[in-house]
1. Under 19 Å Cα to Cα from Lys389, which aspartates and glutamates show up? Leave out anything in the same chain fewer than 8 places away.
2. Non-local amide H neighbours of Val137 (under 5 Å, H modeled in plane, Pro and chain starts lacking H): which ones?
3. How far apart, in nm, are two points set 7 Å out from the Cα along the Cα-to-Cβ line at Ser388 and at Thr101?
4. I'd like the FRET efficiency for Glu59 and Asp257, computed as 1/(1 + (r/R0)^6) with the beta carbon distance as r and R0 of 60 Å, rounded to 0.05.
5. Please give the peptides 90-99, 363-372, 312-321 ranked by average Cβ packing (other Cβ atoms within 10 Å per residue), highest first, as a rough proxy for protection.
6. Holding the Cα-Cα limit at 30 Å, pick out from Lys356/Lys417; Lys28/Lys138; Lys280/Lys303; Lys87/Lys153; Lys178/Lys296; Lys86/Lys356 the pairs that are longer than that.
7. Return one number: the angle in degrees, 0 to 90 and rounded to the nearest 10, between the long axis of the Cα atoms of helix 117-132 and the longest principal axis of the Cα atoms of the chain.
8. I'd like the orientation of helix 249-329 relative to the chain: the angle between its Cα long axis and the longest Cα principal axis, in ° from 0 to 90, rounded to 10.
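The values are calculated or read from the model by the stated rules, or taken from the named source; none is laboratory data. Worth saying up front: this structure is predicted, and the values here are computed from it rather than measured. Note that we place each Cβ from the backbone using ideal geometry, even for glycine, and neighbour counts take in every protein chain shown. These accessible areas exclude ligands, DNA and RNA; they are computed on the full protein's heavy atoms, side chains included. Shrake-Rupley method; radii C 1.70, N 1.55, O 1.52, S 1.80 Å.
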Amino acid sequence: MNCSTYIFGELSSGYAQYPEDSSSSLFKALYSRCSAPTQLIIHRDETMMYYIYIRKFDEKGYIGFAVAINGFCFTRITPLFSLFEKKIEQLAERGILINYTQHGNLTTTLSSFVDEEEEVAGVVNILQKEFSSMRTVKRLPEADYGVSIQSQKIFNENDDNSEIVAASCAYGYTIILKQENYDTLRSTSYRSTLKQLNAQNEYLSDQVEELKETNRQIKQEKEQFRKVIFLAAGVIGCIIGIYFLHKNLNKTQDELDGTYDKLNLAINVIQERDSAINSKDSIISYKESVINNRNKLISSLKKSISGLENLLQQANNERLDLSVKIREISKYHPFLVTSCAVNSERFTFEYYCTEKKYVVVSLKAINIRTSEIITNNHNFYVNEGRGSKYLAFNKKLNTSDLYYVVLIYHDQIIAGKSW
């Protein structure tokens, strides 16, 4: 099934789309029809069917994906939501086109798709391969010209699938709203963790500020208390002088001893206040240490993304093991077909072969509607390693029919594709 895929959205500097063509005006105008955080909009224009997924960001802007197919329509809607939501999860974790804020909200800092054209092209190509491999399609019924191309029908994601599919073939616009549970389980967990860490970080910062203010007040009280002590010492000094004038030396000495005791008590009080201040400073230091640990945890989460890249390296190692297995399989098959494509005149395929061989194969094209079988034999050399080959049909295929094309070697199917 041939299809075209797009990515578009409202980025930090305005609307952007890849690839850009005449569909830009359609995709840009669709945002006005969006009333839920995420929705799937199906638009029919003659024999063209557009399946457009739009996901709003938590603050402003949005990102969308679209696939356009000619002459066919999808028969199941729920898998489309799952495919698009999985793609949102992957892009957010990579953090290149879209990303999470420290509050766990979905956003983007990208101003244009041109800034990350290689990443964008990769996303579009993967989407095209995934949609091309889907088999839940049927031929599009004739358009009802009594229904306006601007007509609209709105559903919720839990409505009956058959009613949604029927409406998508009849109305100009069919909108399926999804108000909740539009994040994957992995995305929900990731966003929740970021929100909790940010809330704890803000709480601890507030605690530190409160402790700093308390510390300032204690230091101010300490300074005032010292002034009172000095004033009291002056008053006591005057009293001592009066007693020195009116009392005998022994009695004056007793009073002096009592005064010294009071001064020692005051000094002890000051020392206790200093100890309390030092305790507060220790609490502040502990809170700041907790904040640093939280920040390290956030950094650790980012490193987990790096761990995913290591998993990718493991996958490459497994691919090398697969090459060994392919060499074992090649003992029973002349070559392995790694990919193939079909048009009305020929069958093109890429292959992998462990050694140069001369082979004879049979190419069959089966018409699904009429059961007609177009068969012709081909003999050729396949080279060692990777290569490509195309085989012509002895009769041109009808582009309005659906075919299943197979490549046969020694009565065994070694490759096939629907077209």
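1. Lys389 reaches Glu345, Glu350, Glu355.
2. Those lying under 5 Å, H to H, from Val137 are Thr75.
3. Output for this residue pair reads 4.6 nm.
4. Details: r = 73 Å, r/R0 = 1.22.
In this case the efficiency is close to 0.25.
5. Values: 90-99: 17.7, 363-372: 14.4, 312-321: 8.7.
For the peptides 90-99, 363-372, 312-321, the packing ranking is 90-99, 363-372, 312-321.
6. On the way: Lys356/Lys417 25 Å; Lys28/Lys138 28 Å; Lys280/Lys303 35 Å; Lys87/Lys153 26 Å; Lys178/Lys296 36 Å; Lys86/Lys356 42 Å.
Check vs 30 Å cut-off fails for Lys280/Lys303; Lys178/Lys296; Lys86/Lys356.
7. 50 degrees
8. Here the helix axis deviates by roughly 10 degrees.
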